[in-house]
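The values are calculated or read from the model by the stated rules, or taken from the named source; none is laboratory data. Here the structure is a predicted model, which is why all the values come from computation and not from measurement. All Cβ positions, glycine included, derive from the backbone under ideal geometry; neighbour counts span all protein chains shown.
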Amino acid sequence: MVQEITGLSSHTLKLGHDQSTGVESVPKDRIRRVGGGRKSITEIYPDIETTLLGLVKERLQGDPASP
């Protein structure tokens, strides 16, 4: 019934139940368990800084009004 009302998956509901009853614990100084949450952009795309700088490189070479 809770799944129908909230629209959450059964896995998510079970995980929340396990955390609230102490079956699965989360360290007191954390919101999520270790390894949970979104990965940083540099972990997903290690060369993102180089790629972004390459996109704007030609536009950063000084004042376009003076040759």
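So that you can scan it fast, the table gives a plain yes or no per residue for (1) at pLDDT below 85; (2) part of a loop (DSSP other than H, G, I, E, B):
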site: His17; (1), (2): no, no
site: Glu58; (1), (2): yes, no
site: Gly62; (1), (2): yes, yes
site: Ser66; (1), (2): yes, yes
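Can you tell me which residue is surrounded by the fewest Cβ atoms within 10 Å (Cβ to Cβ) among those in the range 1-15 that are assigned to a helix (DSSP H, G or I) and of a type in the set (A, V, I, L, M, F, W, C)?
Restricting attention to the range 1-15, the residues satisfying the condition of being assigned to a helix (DSSP H, G or I) are 2-6, 10-15.
From what is left, the residues that are of a type in the set (A, V, I, L, M, F, W, C) are 2, 5, 13, 15.
Working: Val2: 11, Ile5: 7, Leu13: 13, Leu15: 15.
The extreme case among them is Ile5.
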Note on Arg33: of the conditions (1) assigned to a helix (DSSP H, G or I); (2) surrounded by 12 or more Cβ atoms within 10 Å (Cβ to Cβ); (3) under 19 Å from the mean Cα position of the chain (by Cα), unmet is (1)
